[in-house]
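Heads up: the structure comes next, in structure tokens.
The values are calculated or read from the model by the stated rules, or taken from the named source; none is laboratory data. Remember, it's a predicted structure, so these values are computed and weren't measured experimentally. Here Cβ is always computed from backbone atoms with ideal geometry, including for glycine, and neighbour counts include all displayed protein chains.
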Amino acid sequence: MSRRRTSGTADAGRHIPWSGAVLLLVVGLYFALPLIATGVFSFWEGGTRYGPSAYISLVHQDALWESLWLSLRLALETIGLSLLVLVPAVFWMHLRVPRLKSLFDFISVLPFVVPPIVLVAGLTALFHGPDWFVGTPNYLVAPYVILALPYTYRALDVGMRALDLRTLTEASHSLGAGWGLFILRVLLPNLASALAGAALLTIAIVMGEFTFANVLLFNTFAVYINYIGQTSATEAAALTLLSFVITWLAMLGVLLSGRGKGQAQLGGAR
Amino acid sequence: MTIRSSGSRRNFLKLAAGVTGASFGSAFFPGMVGTALASPTAPTNKALIAAAKAEGQLNVIALPPDWANYGKMIAEFSKLYGIKVNSASPDASSAQELQAVKSLKGQSRGPDVVDVGPAFALAGVQEGLFQPYKVATWASIPDNMKDASGLWWGDYFGVVSFGVNRNVVKNAPQTWADLLKPEYKGMVALNGSPLGAGAAFAGVFAASLGNGGSLDNMLPGVEFFAKLAKAGNFNPSDATSASLVSGQTPIVINWDYLNIAQAKKEASKVKIDTIIPAEAKPYGGYYCQAISKFAPNPNAAKLWEEFLMSDAGQLIYLEGFAHPARFNDMVARGVIPQSLMAELPPAAAYKEVVFADKAQTEKAQSVLKAEWAKMVKV
Amino acid sequence: MQQAASAGSGAVVPRQTVRQFVSLRRHWGTVLFIGPFLLYVLAFLLLPALRLLAQAIGDKHGLTLRYVAGLAQPQTVTAFSNSIMLSAVSAAVGLVLGGLVAYFMLRPGAPAGLRSLVTSFSAVAANFAGVPLAFAFIATLGSLGFITVWLKRIGVDLYGAGFSLYGMSGLTLVYAYFQIPLMIIVIIPAIEGLRREWREAAQSLGGGSWAYWRHVGLPILMPSLLSAYLLLFGNAFSAYATPYALTSGNIGLVPIEISNVLSGNVMLEPQVGAALALGMIGVMVLVMLLYVAAARRANRWSGR
């Protein structure tokens, strides 16, 4: 993987070895080229003319901003509910009841194999619920948490595994902290990168989810993108890039806002 | 109140309407004469209009504005009757439409009307999702396009055509046999999987008709696409507007109204020709209207259906290049303006259009399921 | 497995027996922490999914195994084997490349900001799929894509040489676009968990990079790697929009078959779709069992 080091000092990793740099470059190219192709097409106006007309017509469409705002709101609600339900469960499972791990793993992959259209049919047959729940877009949050489950669970699972939970809990208990304080002040800060990962994945999933919103007649961003994609060629490409950039900025926002939190670490990793 | 914009067309129609309206109107629309609200060929049933207005809105689903001119249809309906139309999920499939009816049963957001493929109209009947209604113009809807008890009826149809990006393709193919020529390598695409997309299914059926098959025998169609794939001309990706316009799939087999609408929309960027293959009778597909049994706005729904199936509504379909179900009847009565006829592909083709019935469709589906994946290898 | 004596209970905790789970007082923690999660999953996933089971084994004429038996048809078997192979290979590609990228990006010597850039990009790319992704690749490497055309101009005929974006290799190439970023996001906490002291300790004992990885790094990472692989497999296995946009179902894949009969515009066969979904569950259960067996071996290292 990298050059053999013969010196005894902790010199490993001062620079990225050339093999790593080449790899990053090749992978970067692989990710950039299709986006560039889409971008070039989005600026095309026929023949050899290029201009921003597709973008201009897009940003003037109210439906774009309304659906985007709806999706972002749903994403935030989904993250909140997901973490609220999952963090305690995964934590407790890791700490006290590791036997349940297989059950958790199985549950976490179930959303992959239940087709969305089946899930929506089942959900609506079961829950005719109060109208304030079932009639508003917030209804989507319930299945979205399930859809995001494999990813959020996995992110939290990997994150908690890297921590020494037993020591953390014992230490904080011996200092007099109850469970609530422990979770807020000790567990969550230590899970920062896992939480960020879970949040990022959830946002991406909610922004891209189509079937549920389509059948339940809610106008989310993905429904809007799909509709533009069927009808307008260059606008579809423009919208692809626009949504890519917008989601990317949202992600950066999540990442940078998590920077400030202090991290209690046992034996720093860096 | 005008529905069309061209002055000469308005005059022509006034004349035609005067003749037909007087005869039909007095029979079907009491109180029509002297109504300033609507053009003579749009529904003017006062009681129904009042009841619909009282409901105030209409929920429709799966109606993209560029598909068969639904954008204009919705706008005109709204303007004429002052009813707000909530158009949701323009990209829903027929199966999703039925699911939406089931999922939103009892909610005020539920769809009032659906526009689904014939197989799904039948499925909807079986699941008890529709309520019967016979529009005023029921008699002139062809028998093979409606349910006898009024649970569904055809609204418009299209035929299979080639949409060709002329900026990329120098010589447009005119027949199915042409598609096999080496100059079209990697260019010919369908609008999805024949097992999942209506236009693609029809495309294979049409290819079958053009290669010695019949409505009872779809196998030659599959064999044709197998040949196309072997020659390297078949592009299996799901053709979209973007792929046609950008030239990535410069020959798309799709409904005529979709190809023509695309051509018109992107005319500033690219020249797209719509060609109906010449070898055989054109294969057509129609879509079906039905009113949901649980419609939250049933009177608005009925008024919508009256509007769609009236001469006015059917002409709006035709302006979107989708042939209305009552096309032959309207041609016979002379209510279609010449200028509109001129914009469409030659009418002779549409007189000969053939549709597959339920049994033929199911037989074709089972042949597809068994043979498509096996034979068509890209 | 022993339980550490918690601060709240002064009693010595005896070895666990199944009966003890019934006693709520002793297991208030489990009920409080895990209960809501299980309830949620029961209400919003398991119960709706049970309808699936009911549909697969019966229709309005009564119980029947005909639909499940229909899974043995040749085109269905092909679809399952295609799906499994595509998922396994693309998950492996994502695992290796994503893991490497994450590792290099997290090294202290990496340029500042690279980590935020890559992580945020990965989060977006992990869900960049479906029609936009397919179009982006068709425009790049399709039969008339700009790279294909450019290569032809310099004398390399991709499609003539047998490459096809619309075959299994092309699909794998496109799948990598969301598999690699997903891997990056999921594996970051695990790589961060590799303490520098361990590397230094290995070096001071005379081991080089390869020895470190073989004896320390990889074994510690293995449970997380397996976990990530399972996720990547499931992610690819259930992918529908991307392969449909690329191939219109020409390469048989199970999610596309399901969508055709449940959510399409040509036919409506809920029982067939339900049987196919049951088949998918069966495959995932098998993969899970393999994962559990592998994880049990890997967990010996981390002592849990």
The residue that is farthest from the other protein chains (Cβ to nearest Cβ), considering only those in segment C:156-201 that are without any contact (Cβ under 8 Å) to a residue 24 or more places away in the chain and of a type in the set (D, E, K, R), is C:D157
Tell me yes or no: at least one residue of segment C:67-90 is within 30 Å of A:L83 (Cβ to Cβ), within 22 Å of the chain's Cα centre (by Cα) and surrounded by 13 or more Cβ atoms within 10 Å (Cβ to Cβ). yes
Considering segment B:41-83, residues that are buried (at least 20 other Cβ atoms within 10 Å of the Cβ) and among the β-branched types (V, I, T), and then whichever is farthest from B:N299 (Cα to Cα), we arrive at B:T41
Only unsatisfied item for B:D329, checking (1) surrounded by fewer than 20 Cβ atoms within 10 Å (Cβ to Cβ); (2) under 18 Å from B:V116 (Cβ atoms); (3) in contact (Cβ under 8 Å) with a residue 60 or more places away in the chain, is (2)
Counting only residues in segment B:252-273 that are more than 14 Å from chain A (Cβ to nearest Cβ) and surrounded by 24 or more Cβ atoms within 10 Å (Cβ to Cβ), the one nearest to B:A325 (Cα to Cα) is identified as B:D256
Exception for A:E45 within (1) surrounded by 14 or more Cβ atoms within 10 Å (Cβ to Cβ); (2) away from chain B (no Cβ under 12 Å) falls at (2)
Over segment C:143-172, the set of residues outside any loop (DSSP other than H, G, I, E, B) and under 20 Å from B:F234 (Cβ atoms) is C:T148, C:V149, C:K152, C:M168, C:S169, C:G170, C:L171
**Message:** So for segment C:257-280 (the condition being charged (D, E, K, R), assigned to a helix (DSSP H, G or I) and more than 14 Å from chain B (Cβ to nearest Cβ)), does at least one residue qualify?
**Reply:** no
Of B:A207, B:A280, B:A229, B:A202, the only residue that is touching a residue at least 24 places away in the same chain (Cβ under 8 Å), more than 14 Å from chain A (Cβ to nearest Cβ), farther than 21 Å from A:I228 by Cα and within 18 Å of the chain's Cα centre (by Cα) is B:A202
Q) Does A:P137 meet the test of being more than 7 Å from every other protein chain (Cβ to nearest Cβ), within 23 Å of B:V101 (Cβ to Cβ) and not charged (D, E, K, R)? A) yes
The number of residues in segment A:102-122 that are more than 7 Å from chain C (Cβ to nearest Cβ) and within 15 Å of A:P150 (Cβ to Cβ) is 4
Among residues of segment B:232-251 being among the aliphatic types (A, V, I, L, M) and at the interface with chain A (Cβ under 10 Å from one of its Cβ atoms), the residue nearest to B:W176 (Cα to Cα) is B:L244
Across (1) surrounded by 16 or more Cβ atoms within 10 Å (Cβ to Cβ); (2) assigned by TED's automatic domain parsing to the domain that holds C:L262, C:P48 clears everything bar (2)
Going through segment A:60-101 in order, the residues found to be within 10 Å of chain C (Cβ to nearest Cβ) and exposed (fewer than 15 other Cβ atoms within 10 Å of the Cβ) are A:L84, A:P98, A:R99
Exception for A:N219 within (1) assigned to a loop (DSSP other than H, G, I, E, B); (2) modelled with pLDDT under 85 falls at (2)
If you go through B:G192, B:G221, B:G203, B:G213, the only one that is under 18 Å from B:V159 (Cα atoms), surrounded by fewer than 24 Cβ atoms within 10 Å (Cβ to Cβ) and either touching a helix residue (DSSP H, G or I) at 6+ places or on another chain (Cβ under 8 Å) or not aromatic (F, W, Y) (or both) is B:G213
Could you tell me whether segment B:276-293 includes any residue that is of a type outside the set (D, E) and part of a helix (DSSP H, G or I)? no
Among residues of segment B:52-110 being at positive phi and within 11 Å of chain A (Cβ to nearest Cβ), the residue modelled with the highest pLDDT is B:A62
